[in-house]
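Q: Take this structure, written in structure tokens, and hold onto it; I'll ask about it next.
The values are calculated or read from the model by the stated rules, or taken from the named source; none is laboratory data. Here the structure is a predicted model, which means the values were calculated and not measured. Because the Cβ atoms are built from the backbone with ideal geometry, glycine has one as well, and the counts that use them run over all protein chains shown.
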Amino acid sequence: MLGETTVRASGASPGRCATVGRAAPGIESEPLHPFLVSVATVGLGEIGDKTQLLALLLAVRYRRPYTILSGILAATVLSHLLAALAGEWLRSLLTPGVLRWGIGLSLLAVAAWTLKPDQLDEEETVAPPRHGLFWLTLVSFFVAEIGDKTQIATALLAARYNDLLLVVLGTTLGMMLANAPAVLFGHHLGERVPLVWVRRCAALLFGAQGVLVLLGYGVGLGTS
């Protein structure tokens, strides 16, 4: 099959061979590649996203940054773990060819989505806390993340790399790297960061991954 290499397994009897998916060149073969790509992709994709706007809004309103960050961390781990599990489930259902096209085209769609600025309805999203700020942050952030591009990206990355732990660790770190400055420094940082260029860089990263996947440079995806 195109995109696969047949090699004889060590110690196997004649005629018995193992099939190995096409390995991507260079850094694609590094053990931490899924983690690093996940950090960069989600970290850039989160800047200017509605969940970052939510983090900023919570920080400005309640001024308890460490409680807010702990709620964001808990919500992110839960949300991205569910997304990664969904990605691995889809990987188990689909053939490599279908998976390759699905992931590649979806990443290109997320790239286009990233170029559109997000907006947040303050009145509908953040109500006064009834059960503590931590739980308000966790629930609000988890709900805002449902169907968001960073959650979808996490599912796509998990389907692409088939390494749930590294992907979830990477996307979670990326989210915290993007949201921690927003919570800690608020509007002062937003005035200095050119969000339009950040969105363009994130879109370029998503788009490049989509093209690479469509060309077959994905772990075990092949080119069939």
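Q: What about Leu173, is it at pLDDT 90 or above, closer than 26 Å to Arg91 by Cβ and aliphatic (A, V, I, L, M)?
A: yes
Q: Starting from the stretch 72-85, keep only residues that are within 10 Å of Leu138 (Cα to Cα) and without any contact (Cβ under 8 Å) to a residue 60 or more places away in the chain, then list their pairs with residues that are buried (at least 24 other Cβ atoms within 10 Å of the Cβ) and of a type in the set (Lys, Arg) whose Cβ atoms are within a distance under 9 Å, requiring at least 6 positions of separation or different chains.
A: Sorted first by the residue in the stretch 72-85, then by its partner, the list stays empty.
Q: Name the residues in the stretch 14-34 that are at pLDDT 50 or above and either in contact with a strand residue (DSSP E or B) (Cβ under 7 Å, 6 or more places away or on another chain) or surrounded by fewer than 22 Cβ atoms within 10 Å (Cβ to Cβ) (or both), would you?
A: Glu28, Ser29, Glu30, Pro31, Leu32, His33, listed by residue number.
Q: OK, next. Under 26 Å from Leu165 (Cβ atoms), of a type in the set (Gly, Ala, Ser) and crowded, with 18+ Cβ neighbours inside 10 Å: is that true of Gly87 in this structure?
A: So Gly87 passes the test.
Q: Which one of Leu82, Leu105 is of a type outside the set (Phe, Trp, Tyr), surrounded by fewer than 16 Cβ atoms within 10 Å (Cβ to Cβ) and at pLDDT 75 or above?
A: The unique qualifying residue is Leu105.
Q: Restricting attention to the stretch 133-186, which residues are touching a Pro at 6+ places or on another chain (Cβ under 8 Å) and surrounded by fewer than 20 Cβ atoms within 10 Å (Cβ to Cβ)?
A: Correct list: Trp135, Leu184.
Q: Checking the structure you have, find out if any residue of the stretch 183-196 is of a type in the set (Asp, Glu) and at pLDDT 75 or above.
A: no
Q: I've got another one for you. Inside the stretch 38-71, can you point out the residues that are under 15 Å from Ala158 (Cα atoms), surrounded by fewer than 24 Cβ atoms within 10 Å (Cβ to Cβ) and of a type in the set (Val, Ile, Thr)?
A: Val39
Q: Another question, if that's okay. Could you figure out which of (1) farther than 24 Å from Leu214 by Cβ; (2) at pLDDT 90 or above isn't true of Arg8?
A: Here Arg8 meets the rest and fails (2).
Q: For the stretch 147-164, enumerate the residues that are at pLDDT below 85 and over 19 Å from Pro96 (Cα atoms).
A: Passing the criteria: Gly147, Asp148, Lys149.
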